[in-house]
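Heads up: the structure comes next, in structure tokens.
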Amino acid sequence: MVAVIQSSALRKKKSLKKGIQFTLMVVGQSGTGRSTFINSLCGQEVVVPSSTIPDPKDDSLKKEMTMRTENVELEDAEGVKISLTIIDTPGFGDSIDNEMTFEKIIDYIRHQYDEILLEESRVRRNPRFKDGRVHALLYFIVPTGHGLREIDVTIMSKLSSLVNVIPVISKSDSLTREELELNKKLINEDMKHYGIPIYGFPFDLDYDDEETIDANTYLKTLIPFAVVGSNDTFEADDGSLIRARKYPWGLVDIEDPEQSDFIILRNALLISHLQDLKEYTHEVLYEKFRTEALSGKND
Ligand code: GDP
Ligand code: MG
């Protein structure tokens with residue numbers, strides 16, 4: 001599967017023939033639009049979205065959460081490749097007791113760190129070793145117009161010290177502009193109140209260039225990102241094909257930055273901040289895990 005992503009920023013990395021490996025995990029309750037978002041991000045059907053009308057015979061909602069991994073090769077117009085691994089979490093938050101689900105996700109992330117730690121300590125390295133560390137975790141928040149729910153606070157608090165958590169408000173087209181602004185404000189207040197250390201597009205005033213500082217400052221103001229996803233494409237007025245949601249009154253172009261943060265988030269994940277997210281995972285999050293593991297704190 002090869003999809004084309006448009007980018008000029010990626011051109012710089014043209015020399016990388018093999019493709020940059022990146023792993024993204026998507027967590028959120030059933031129906032929050034995870035599958036649709038994944039397909040929108042990749043520009044192709046990677047996962048089958050659930051139908052609008054639930055099938056009464058389908059008891060998948062009552063089942064335990066599973067972790068489903070998909071590999072997608074993305075390529076920009078210049079031929080720069082990203083080897084994207086996406087881990088979807090169908091069934092998350094659907095049980096009465098979600099503790100087990102939380103543990104499963106945490107165990108998975110920690111296990112990837114353990115594997116690296118083990119590999120690093122080997123005298124003879126395995127040339128085929130695959131680094132499975134999760135570089136970013138998108139956490140899908142239900143668009144309620146309120147702040148965070150208890151489940152959001154619990155899981156985000158648990159995950160934030162292990163992985164780059166990026167909160168998103170999914171299906172943001174179901175909120176009015178005012179509701180969305182209020183929702184973002186309340187979520188930020190809650191994250192601050194509970195001290196949830198999400199990935200905040202960090203920068204260093206002394207070392208980073210002005211462009212990076214400006215870009216990161218702007219991205220910070222958008223958190224949580226409001227996203228709209230769609231599995232369908234339509235012809236726009238100018239004849240171009242756009243991924244959009246069709247309503248009686250017209251189209252919501254998911255890539256229009258006036259209507260959602262989807263395109264900004266996609267560019268940050270796959271282009272401008274891909275390397276940053278990988279570095280932060282290795283230098284800060286994994287390093288913390290490693291130090292704790294070696295001093296016996298993780299036992
Ligand atoms: P998942 O269970 O989290 O994987 O959710 P799906 O991607 O299967 O989507 C569940 C339902 O929400 C489907 O009917 C989608 O068409 C719908 N949906 C997905 N994304 C959006 C969105 O951005 N806006 C709106 N309004 N509906 C969406
Ligand atoms: Mg799904």
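The values are calculated or read from the model by the stated rules, or taken from the named source; none is laboratory data. Keep in mind that this is a model prediction, so the values were computed, not measured. Note that each Cβ is placed from the backbone with ideal geometry, even for glycine, and that neighbours are counted across all protein chains shown. Please note that ligands, DNA and RNA were not included when accessible areas were found on the heavy atoms of the full protein model with its side chains. Shrake-Rupley method; radii C 1.70, N 1.55, O 1.52, S 1.80 Å.
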*Filter segment 150-197 down to residues that are more than 15 Å from Ile109 (Cβ to Cβ) and of a type in the set (Ser, Thr, Tyr), then give me how many there are.*
6
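Over 22 Å from Val142 (Cα atoms) and surrounded by 19 or more Cβ atoms within 10 Å (Cβ to Cβ): which single residue out of Phe262, Phe289 fits that description? Full working, then the answer.
On the way: Phe262 fails: over 22 Å from Val142 (Cα atoms).
On inspection, the qualifying residue turns out to be Phe289.
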*Of all residues in segment 224-250 being open to solvent by less than 20 Å² (accessible area, probe 1.4 Å) and hydrophobic (A, V, I, L, M, F, W, C), which is nearest to ligand 1 (Cβ to nearest atom)?*
Val228
*Residues in segment 34-43: is at least one more than 12 Å from ligand 1 (Cβ to nearest atom) and either at pLDDT 65 or above or surrounded by 15 or more Cβ atoms within 10 Å (Cβ to Cβ) (or both)?*
yes
*Here are some residues: Val165, Val227, Val142, Val134. Which one is under 24 Å from Arg34 (Cβ atoms) and without any contact (Cβ under 8 Å) to a residue 60 or more places away in the chain?*
Val165
*Go through (1) buried (at least 19 other Cβ atoms within 10 Å of the Cβ); (2) within 16 Å of ligand 1 (Cβ to nearest atom) and name the single condition Ile196 misses.*
(2)
*What is the residue count in segment 88-101 for residues that are away from ligand 1 (no atom under 13 Å from the Cβ) and in contact with a Ser or Thr (Cβ under 7 Å, 6 or more places away or on another chain)?*
2
*Can you confirm whether segment 267-278 contains a residue that is exposed (fewer than 14 other Cβ atoms within 10 Å of the Cβ) and either within 16 Å of ligand 2 (Cβ to nearest atom) or within 30 Å of Asp114 (Cα to Cα) (or both)?*
yes
